[in-house]
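The next block holds one structure in the form of structure tokens; read it before the comments.
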Amino acid sequence: MENVEEIESLLSLHWPHIFSSIDPSTSITLTKLSRHNWLIKCSEQLSYVLKSSQTNNLDLELKYLVDLNQYFNQEYRVPLPILTIKNERHVNGKYWLYEYIHGKVYNDCDSCEHLFDEKQLILLAKLISKYHQFLITNSSSLSTNKKSTTREHLLKEFKQSIDVINEARKERIDLVNEYYLGCYPLLKRLLEESLSKQEKSHSNRNYLIHRNLRPSKIVWSTTNESAQIIGILDFENLNYDTLWRDLAVCLSTFCTSSSPSIITDVDRMRIFIGEYMKQISGGVAKVSSQTEQEVFHLIVDEIILCACEDFTFIYWQYQHQNELFQGIKALEFYYKRALWHADHALKK
């Protein structure tokens with residue numbers, strides 16, 4: 001989807017019933033939002049988004065959205081596929097259309113300018129607890145008892161990289177590999193401790209989670225009267241993982257005073273977790289028998305795991321996609337994030 005003509009042809013062929021009802025004198029504008037998204041603006045109040053999906057299972061994603069929308073029952077909104085003229089949710093397993101959700105969306109780097117306050121964190125906790133209750137209660141297909149092997153995989157990847165570096169040391173190694181070698185002992189210990197906690201935990205059930213609940217995925221109202229959350233965006237990264245992974249990504253981006261940040265604000269995390277647990281315990285779903293403190297530690301452990309994954313991915317880029325490598329500073333950032341949460345947050 002590179003030009004306006006292709007988009008117009010796609011829309012007129014598959015969704016003519018949507019645009020035929022619009023006044024012919026109305027000017028419809030098409031704007032490329034990103035590589036895979038186009039905005040079709042019909043008026044100040046009505047717009048659509050045409051998405052070019054990169055997922056291998058678009059049927060699953062769109063059914064998930066339809067079911068979640070029904071569960072939210074107009075309390076929150078999600079992108080809802082508009083049926084084509086053939087009564088299908090998508091075109092060729094790739095293109096789909098939904099009505100644009102109007103509201104304010106913060107960029108992921110906005111936390112340095114916008115500090116999410118207690119009221120906003122409570123609203124966010126209510127939204128995500130409602131979303132997680134959907135995962136727990138809606139369908140058995142949304143969960144599995146199969147244990148995540150992320151920690152074992154990372155430990156194996158670390159070991160393989162270290163073996164390669166040590167072999168290279170017989171001659172000479174560069175600064176990136178030297179830095180990786182220096183970080184390895186601590187990251188290995190943190191992963192082994194995390195694996196031990198996982199094996200002892202009774203809350204390892206995995207759900208088909210969003211996995212990317214960052215500020216750019218949450219839509220807020222634009223009225224000045226009071227902040228309210230309207231909905232959630234972008235479910236293309238659905239995958240099975242623990243609920244704590246969803247919360248770890250969320251809190252490590254919403255509960256910071258700068259972005260990106262090594263440090264997560266523990267006091268603001270506790271505000272969120274307290275409201276989340278209250279909403280869950282008062283709802284129809286029970287996440288676990290854990291106390292707030294135990295849940296806090298589970299989330300921090302996931303934040304450390306995320307940092308280890310990001311550290312490993314950046315090093316993988318250095319080895320295999322060097323033109324995309326973000327530099328030693330990026331490796332240092334995730335190493336320090338893992339270290340800070342292990343030394344400070346876990347001891348709170």
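The values are calculated or read from the model by the stated rules, or taken from the named source; none is laboratory data. The structure presented is a predicted model; accordingly, all values stated were derived computationally and were not measured. As a convention, Cβ positions derive from the backbone with ideal geometry for all residues, glycine included, and neighbour counts pool all protein chains shown. Just the protein is used for accessible areas: all its heavy atoms, side chains included, with ligands, DNA and RNA removed. Shrake-Rupley method; radii C 1.70, N 1.55, O 1.52, S 1.80 Å.
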Query raised in the report: Between a first residue in segment 46-57 that is farther than 9 Å from GLY93 by Cα and in contact (Cβ under 8 Å) with a residue 12 or more places away in the chain and a second residue that is among the aliphatic types (A, V, I, L, M) and open to solvent by 50 Å² or more (accessible area, probe 1.4 Å), which pairs have beta carbons less than 9 Å apart while being 6 or more apart in sequence or on different chains?
Result: VAL49/LEU33
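Please verify whether ASN87 is open to solvent by 50 Å² or more (accessible area, probe 1.4 Å), within 23 Å of the chain's Cα centre (by Cα), under 28 Å from ILE209 (Cα atoms) and not charged (D, E, K, R), treating the condition exactly as stated. First the steps, then the outcome.
Working: open to solvent by 50 Å² or more (accessible area, probe 1.4 Å): yes; within 23 Å of the chain's Cα centre (by Cα): no; under 28 Å from ILE209 (Cα atoms): yes; not charged (D, E, K, R): yes.
No: the conditions fail for ASN87.
Only one of TYR184, TYR131 is at pLDDT 95 or above and surrounded by fewer than 17 Cβ atoms within 10 Å (Cβ to Cβ). Can you tell me which?
Answer to the check: TYR184.
Evaluate segment 3-18: report whether one residue or more is among the hydrophobic types (A, V, I, L, M, F, W, C), assigned to a loop (DSSP other than H, G, I, E, B) and either within 22 Å of GLY231 (Cα to Cα) or without any contact (Cβ under 8 Å) to a residue 40 or more places away in the chain (or both). Explain how you work it out, then say what you get.
Step one: of segment 3-18, the residues among the hydrophobic types (A, V, I, L, M, F, W, C) are 4, 7, 10-11, 13, 15, 18.
Next, only the ones that are assigned to a loop (DSSP other than H, G, I, E, B) stay: 15.
Then keep just the ones that are either within 22 Å of GLY231 (Cα to Cα) or without any contact (Cβ under 8 Å) to a residue 40 or more places away in the chain (or both); that gives none.
There is no residue in segment 3-18 that is among the hydrophobic types (A, V, I, L, M, F, W, C), assigned to a loop (DSSP other than H, G, I, E, B) and either within 22 Å of GLY231 (Cα to Cα) or without any contact (Cβ under 8 Å) to a residue 40 or more places away in the chain (or both).
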Report task. Among the residues of segment 298-320, write down those that are open to solvent by 60 Å² or more (accessible area, probe 1.4 Å) and over 19 Å from the mean Cα position of the chain (by Cα). Result -> TRP316, GLN319, HIS320
Query raised in the report: Hey, any hits in segment 77-84 for a residue that's under 30 Å from SER261 (Cα atoms) and open to solvent by less than 30 Å² (accessible area, probe 1.4 Å)?
Result: yes
Query raised in the report: So which residues in segment 194-212 are open to solvent by 50 Å² or more (accessible area, probe 1.4 Å) and either in contact (Cβ under 8 Å) with a residue 24 or more places away in the chain or touching a Gly at 6+ places or on another chain (Cβ under 6 Å) (or both)?
Result: LYS197, HIS202, ARG205, ARG211
Report task. Report whether or not VAL176 is touching a residue at least 60 places away in the same chain (Cβ under 8 Å) and assigned to a helix (DSSP H, G or I). Result -> yes
**Report entry** Residue in segment 118-132 that is out of contact with any strand residue (DSSP E or B) (no Cβ under 9 Å at 6 or more places or on another chain), closer than 23 Å to ARG270 by Cβ and of a type in the set (Asp, Glu) present
**Finding:** yes
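Between SER12, SER52, which is small (Gly, Ala, Ser) and out of contact with any His (no Cβ under 7 Å at 6 or more places or on another chain)?
On the way: SER52 fails: out of contact with any His (no Cβ under 7 Å at 6 or more places or on another chain).
Exactly one of SER12, SER52 is small (Gly, Ala, Ser) and out of contact with any His (no Cβ under 7 Å at 6 or more places or on another chain), namely SER12.
Among the candidates SER53, SER34, single out the residue that is open to solvent by less than 80 Å² (accessible area, probe 1.4 Å), under 19 Å from the mean Cα position of the chain (by Cα) and farther than 30 Å from SER143 by Cα. Lay out the reasoning, then the answer.
Values: SER53 fails: farther than 30 Å from SER143 by Cα.
None of the others qualify; the one that does is SER34.
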Query raised in the report: Within segment 138-167, restricting attention to residues that are over 25 Å from GLU192 (Cβ atoms) and open to solvent by less than 60 Å² (accessible area, probe 1.4 Å), which residue is modelled with the lowest pLDDT?
Result: SER139
